[in-house]
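One structure is given below, encoded as structure tokens.
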Amino acid sequence: MVLFALISLSIQNLMGAAIVFGAYSFMMCLIWAGMGAVDVAFTEAAVGAGVSTVFIVSTIYNTSATMRSRPGGMAFKFFIGVVVTLAGAFLLSALTDFPDWGDPNSPVNATVVPYYIENSIDDTHVPNLVTSVLADYRGFDTLLETTVVFIACIAIYSILRIETAKSKTDETEEGITSPPSYNPSDSLIVRQASRFMIPFMQLFALYVIAHGHYSPGGGFQGGVILGASLILLAISFDLKFLLRHWREKSLMLLVASGVFLYAAVGLACVFMGGNYLEYGILDSILPGDQAMARSHGILLVEIGVGITVMFSMVAIHINLASNGRFDRGL
Amino acid sequence: MTEQLPIVIILGPLLAAVLAAFAGWFRPKLSHPFVLLGLAVSFAAALKLVFIVADGGAQKYWLGGWGDKVIPSQKEPFVVGIQITVDHLNTLLLAAVSGIALLTAIYAKRLVDTELAGRQRYFDALFALLVAGLLGISITGDIFNLYVFMEIAALSSYALIAYGKGRSYMASFNYLIMGTMGACLYLLGIGFIFIKGGTLNIDDLSRIIPTLQANGPSQALFVGFVLIILGAWAKMAFFPFHGWLPNAYTYAPTASASVLAPLATKVAVYAMLRIMLTVYSIDYINGLTGIQPIALYLSTAAIVMGSFFSLTQTNLKMIACYFIISEVGYMVGGAWLANKPGLTGAMYHLVADAAMTSALFMAIGCIVYRLGQAQLDDLKGVFFKMPVTMAAFVVTMAALIGVPPTCGFFSKWYLIQGAAQAGVWHFVAALLLSSLVKAIILFRIIEIGYNRVPHPAIEGNPAIPRNEAPLSMLIPTAAMALGLVALGLGTSTLVNTIIAKALPAALAP
Amino acid sequence: MVDSTAGSDTMENLIANFNYVIVVILMMIGLWAMLAQKNLIKKCIGMAIFQTGIILFFISIGAKNEAKVPILSKFVVENSSAIIVNDYANPLTQILMLTAIVVGVATLGVGLALAQKVYQQHSTFHEDEILENQRK
């Protein structure tokens, strides 16, 4: 894996670097799955190996794909190399202080975590411990995380989006090589295959969100897969095809609505007399007792997360692939 | 109801941002009022909390209602959720951040409408999100939560800077690389602390870290500490990590720079203070006999270098950016002096410098708006064209130099006292040097702006028409400048009621 | 810091905790790339590598020998007193890392967008060439 990282960085062809990086991410997620971190591996597969690589490829697509190497600058690179090596040694100096690998009684495993493991089912009726801690005990972090995705989406929009009525005149923009003209009879196989795959992907993703309480999954993973399904549509057919079905305005509004849903659920808790995001207080308006109310609250916020993540991924891809012009692209 | 106030501080700008994002597609004219409302609510809550904390002590709030729980294997209860705390250390900062943000939002409206015409769909939302992020960093009681808020603020700022076009994209990219490096170092530091401590809650950590060190200093905790401090230093543009700041704030549009410059770096300094004093405790700091001198030398270097470069620059905005770099040096040095006057100075300077930088950038913004340029040579006759703005500017420079009764004087007073007490004479020299440099720059500007044109009041000389900044920009500028004096006059109240109580009890006098 | 007799202890420790050594190497490669590479896209990739390295570090901290995935089985759900803590991998570190992954991809996206804008202006991703262009 170290090898993959090095290759990715040294390759001259940027497109190749992106692909190797995708392979690197994929290896990472296998390792994490091996360590018992399935939710994380799931997310990394969707986000790191999938979406990140797509973003890099989209960015490079409209530009020249090789990296011209320049002579010189070796002294600076060497200097940084020395600094980095010293830093690494510094980090490793703490090794003797670490608890043993996999020790179940290390502070990390034995301090706050036993509370989650023992009480999660009684408190929230959710067997997936990752989901219950993510969306309830540490639900505030997750709200903020969703906000981060939201910010990235509007940031990229603000940076790249050029709202021109006349996109024909953009042909003369410096540095943009025109992407190869799209011939519908190319890639028939890709199109047919994706026609088949996309509905399944979406169904699966919805399952992931809904069943996140009981199996690995949840809002982020499901949302990313949903987003990926739409990106697949864009890549295999044409960006215009995707845009015909999903208007820009609806995309951006939906991105904001997921965050709004999450924040509003929390606010509802305050109005009912509890603290922010204290779902248990909602038991008077939701069916079931306090613990069930928590479970429902978790589902609601996960849906909010899913909505924001899904549309953010799509919007970011569109912006990156089309240089902000929202017409042609990858 | 008042126990919900802490979360209101964050929710105000956060919800306002989402509503502004919606409004951007339906009724764009509404997005600015939404943000003003959110900031006003936040400021009101923060202000009320200042008084509550002054009387009643620290206020703790648990998200989701998850507070202390008893854990079978542990002797004492631990917090299982995320906590936010308003105590003596951060209550003034919260009020300052929300207040300055509110004033800047009013100030920037005109700039957004003119400089950013046609592109401002999400500007207000990003503005509000930045403020939410900064307030969140200041209020949180959980070290990982701090990281997430830090990234909220960071991503918003990269976008706000990139509104500048031209060179701002590269400047923002460089800021992104440096900022992400800082955030990653911080995250890694959390890892080292977590591996020994097992909890992310600041109060719980401050309780158990001394027990973890009972058998001798812990290398992992030390590495974690250094990583977090380095991360914070990168975010606050402390020497030698200052490279990203001048370009980022100069090429950013005035509307963005006027909110970023006063607030972003100060909040990072607060984060450093919080980790140093609450998580690790002053005894730990005193035990780091190797690090203290290094930090102090770096602070002196930051001040000297910032002063030197501000002299060589011809662009007003660049000069102001190098001022920020030296002011950060004041605060870091004050904090690492680790004695009462030093820490008092550093904490007081958090608020004072935020106000001074805000006034400075607002005044410069007014000048740039009317004259279209920020080069020193273009300032000929500006004292006649924009008398009120320049008056505010002079007051602000006086505060930066350290003239009583402005707040700047008191910061320097405490810092010099602290340095003298600790015998760190190079720091004293640096502080005095930077005042001298600022005075030189002020006189230079007076000379260019006042003396290089024939005085219009004298017979026969051409009249110079007044071209003052628009009221929506002028009033906040003037208000902030007056605020510098008011802050100075209120120093002893602030220090005695609040700042003194934020100092660790175990501190040497 | 370490004298010669403790030298072999350190080596032993390094080998026992070899996993951590690999993690640190990975992180440092990413960090080096972020700072030393001149190509903007390579910097972004380096950033992603640095971040995934940190995530691997955190997951490693939370690993438990022979522990299951942190999802309670049906039997246990019904008899909540039968929960054995040591059977389950640490959920807290996983959650922190979910957040870290998401923040990482968000930052990557913004970085790539900025890089694209810079390319539009200068037709190059190479830092030195950009600086030259700016000086003209």
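When residues of region B:75-95 are filtered for being within 14 Å of chain A (Cβ to nearest Cβ) and under 19 Å from B:LEU11 (Cα atoms), how many remain?
Our first condition is that a residue be within 14 Å of chain A (Cβ to nearest Cβ); within region B:75-95, this holds for B:75-85.
Cutting the leftovers down to under 19 Å from B:LEU11 (Cα atoms) gives us B:81-85.
Final tally of qualifying residues: 5.
Could you tell me which residue of region A:278-311 is nearest to the other protein chains (Cβ to nearest Cβ), considering only residues that are over 22 Å from A:LEU226 (Cβ atoms) and touching a Phe, Trp or Tyr at 6+ places or on another chain (Cβ under 6 Å)? Per the criteria, the residue is A:ARG294.
Would you check if B:PHE123 is closer than 17 Å to B:ALA16 by Cβ, touching a residue at least 24 places away in the same chain (Cβ under 8 Å) and facing another protein chain (nearest Cβ under 9 Å)? Spell out the reasoning first.
Values: closer than 17 Å to B:ALA16 by Cβ: yes; touching a residue at least 24 places away in the same chain (Cβ under 8 Å): yes; facing another protein chain (nearest Cβ under 9 Å): yes.
Judged against the criteria, B:PHE123 is a match.
Please verify whether B:PHE173 is within 10 Å of another protein chain (Cβ to nearest Cβ) and over 21 Å from the mean Cα position of the chain (by Cα), treating the condition exactly as stated. Talk me through it step by step, then tell me what you get.
Values: within 10 Å of another protein chain (Cβ to nearest Cβ): yes; over 21 Å from the mean Cα position of the chain (by Cα): yes.
In short, yes.
The criterion of at least 2 residues that are hydroxyl-bearing (Ser, Thr, Tyr) is met by the following helices (runs of 4 or more DSSP H) wholly inside region B:353-428: B:387-401, B:407-422. Could you please let me know if B:ALA45 is more than 14 Å from chain A (Cβ to nearest Cβ) and under 21 Å from the mean Cα position of the chain (by Cα)? No, not satisfied. Scanning region C:23-39 for residues that are more than 7 Å from chain A (Cβ to nearest Cβ) and either in contact with a strand residue (DSSP E or B) (Cβ under 8 Å, 6 or more places away or on another chain) or under 20 Å from A:GLY34 (Cβ atoms) (or both) turns up C:VAL23, C:MET27.
Quick one: would you say B:PHE149 is within 7 Å of another protein chain (Cβ to nearest Cβ), crowded, with 24+ Cβ neighbours inside 10 Å and over 26 Å from B:ASP87 (Cβ atoms)? No; evaluated as a whole, the condition is false for this residue.
Only one of the numbered conditions (1) under 20 Å from B:SER472 (Cα atoms); (2) basic (Lys, Arg); (3) not in a helix (DSSP H, G or I) is not met by B:LYS75, and that is (1). The residue that is surrounded by the fewest Cβ atoms within 10 Å (Cβ to Cβ), counting only those in region A:224-259 that are away from chain B (no Cβ under 14 Å) and among the charged types (D, E, K, R), is A:ARG244.
Quick one: in region A:114-150, of everything that is more than 7 Å from chain C (Cβ to nearest Cβ) and of a type in the set (A, V, I, L, M), which residue is farthest from A:GLY280 (Cα to Cα)?
Applying the filter and picking the extreme gives A:LEU144.
When we screen B:LEU135, B:LEU102, B:LEU111 for residues that are more than 14 Å from every other protein chain (Cβ to nearest Cβ), at pLDDT 90 or above and under 24 Å from B:MET356 (Cβ atoms), the only hit is B:LEU102. Please specify each residue of region B:299-308 satisfying the condition of being surrounded by fewer than 18 Cβ atoms within 10 Å (Cβ to Cβ) and not aromatic (Phe, Trp, Tyr). Passing the criteria: only B:ALA301.
Determine, yes or no, whether B:LEU360 is farther than 25 Å from B:ILE446 by Cβ, among the aliphatic types (A, V, I, L, M) and surrounded by 24 or more Cβ atoms within 10 Å (Cβ to Cβ). Steps first, answer last, please.
Numbers: farther than 25 Å from B:ILE446 by Cβ: no; among the aliphatic types (A, V, I, L, M): yes; surrounded by 24 or more Cβ atoms within 10 Å (Cβ to Cβ): yes.
No, not satisfied.
Considered as a group, the residues in region B:87-104 that are of a type in the set (Ser, Thr, Tyr) and farther than 19 Å from B:MET331 by Cα include one that is nearest to the chain's Cα centre (by Cα), and that residue is B:SER98. Quick one: would you say B:VAL223 is within 19 Å of C:THR93 (Cβ to Cβ), touching a residue at least 24 places away in the same chain (Cβ under 8 Å) and hydrophobic (A, V, I, L, M, F, W, C)? So B:VAL223 passes the test.
From the list A:THR43, A:THR85, the lone residue that is more than 20 Å from the chain's Cα centre (by Cα), at pLDDT 80 or above and not assigned by TED's automatic domain parsing to the domain that holds A:GLN221 is A:THR85. Of all residues in region A:30-56, those being more than 7 Å from chain C (Cβ to nearest Cβ), among the hydroxyl-bearing types (Ser, Thr, Tyr) and either under 12 Å from A:ILE225 (Cα atoms) or buried (at least 24 other Cβ atoms within 10 Å of the Cβ) (or both) number 0. When region A:113-143 is limited to residues that are closer than 16 Å to C:ALA100 by Cα and touching a residue at least 24 places away in the same chain (Cβ under 8 Å), the one that is surrounded by the fewest Cβ atoms within 10 Å (Cβ to Cβ) turns out to be A:LEU143.
When the residues of region B:47-63 are filtered to those that are surrounded by fewer than 19 Cβ atoms within 10 Å (Cβ to Cβ) and of a type outside the set (A, V, I, L, M, F, W, C), the one that is nearest to A:LEU277 (Cα to Cα) is B:LYS60.
For C:VAL85, indicate whether it is at pLDDT below 70 and more than 7 Å from chain A (Cβ to nearest Cβ).
Working: at pLDDT below 70: yes; more than 7 Å from chain A (Cβ to nearest Cβ): no.
In short, no.
No other residue among B:PHE192, B:PHE241 is within 14 Å of chain A (Cβ to nearest Cβ), at pLDDT below 90 and outside any helix (DSSP H, G or I) apart from B:PHE241.
Filtering region B:18-33 to residues that are under 29 Å from the mean Cα position of the chain (by Cα) and either farther than 21 Å from A:SER312 by Cβ or surrounded by fewer than 16 Cβ atoms within 10 Å (Cβ to Cβ) (or both) leaves B:LEU30, B:HIS32, B:PRO33.
The values are calculated or read from the model by the stated rules, or taken from the named source; none is laboratory data. All figures in this text were calculated on a predicted structure; none of them were measured in a lab. No Cβ is skipped: glycine too gets one built from the backbone with ideal geometry, and neighbour counts run over all protein chains shown.
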